[in-house]
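Input: a single structure, listed below in structure tokens.
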Amino acid sequence: MTQPLESSDGDLARAVSARGPGAAEAAETELYRRFAPRVRLYGLRHLRDEDAARDLVQQVMLLTIEKLRDGSIRDADQIGSFILGVSRMMTIDLNRRERRRERLREVYVSEPSAAESFSDSTTDLDRLQSCLGRLGGRERLIVLLTFYAERSARQVGEEMLLAEGNVRVIRHRAIAKLRACMTATGAIQ
């Protein structure tokens, strides 16, 4: 059953909530069509980056559809406020994360000369690649998911079917092995 374009936002939200996943495709599509441009503009204004704004749209709308499907949104007529609130919280989180990264860069990254930078970074990357290759498969995957894919210990644990604490212990030991390998004080065993 398709939802007419003149349906209110609340009617669309209720249609998504009332049916199982995928059963309200037309309502989900219309909800996305109505709110995605607004979220994108919000993202552009507060993130100042087109790609980040597009990512924000996907994250916000995905979360909204999921929350509607599982019945977590109490007042469907306030769906617009919910979407704005989610957009605001995700933007604050993204900006906070970027500020934290920038502070870390300022503290820990010195600006070497261009020639020194090129040769050192190539050497460091080669050494890091070699050291990562010496880690066990599970350790390497946990390190990559944590630092490359930016996943939390809980997310990594869910994906690898491990307890969150176990992921932390494996990651801690893997980082110690990498540190020893990178400083050439010891070899990975």
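Laboratory data are not the source of any read-out in this text; all were calculated from the coordinates shown. These numbers come from a predicted model, not from an experiment. All Cβ positions, even for glycine, are placed from backbone atoms using ideal geometry, and neighbour counts span all protein chains on display.
Some notes on this structure:
- Contour excess over end-to-end distance, with Cα ends at Thr29 and Asp51 and 0.36 nm allotted per residue: 5.8 nm
- For Ser8 and Asp70, the FRET efficiency from 1/(1 + (r/R0)^6), where r spans their Cβ atoms and R0 equals 30 Å, is about 0.90.
- Within the range 41-75, trypsin sites (Lys or Arg not before Pro) in DSSP loop having at most 16 other beta-carbon neighbours inside 10 Å: Arg48, Arg74
- For the chain, the 222 nm mean residue ellipticity estimated from helices alone, with every DSSP H stretch of n ≥ 4 adding -39500 (n - 2.57) and the total spread over all residues, rounds to -25500 deg cm²/dmol.
- Residue range of the chain that is longest and free of GluC sites (Glu not before Pro) which are both DSSP loop and sparsely packed (at most 15 other C-beta within 10 Å): 7-149
- Cα long-axis angle, helix 114-134 against the chain (0 to 90 degrees, to the nearest 10): 80
- Within the shell defined by Cβ-Cβ distances under 13 Å, the residues around Arg140 carry a net charge of +4, with Lys and Arg each +1 and Asp and Glu each -1.
- Using alpha-carbon coordinates, inclination of helix 79-108 to the longest axis of the chain, degrees: 10
- Acute angle (nearest 10 degrees) that the helix 137-147 long axis makes with the longest principal axis of the chain, alpha-carbon atoms: 60
- Structure-derived Cα extents along the principal axes in Å - corresponding label in [x] 68, 39, 22; [y] 62, 44, 37; [z] 43, 38, 37: [x]
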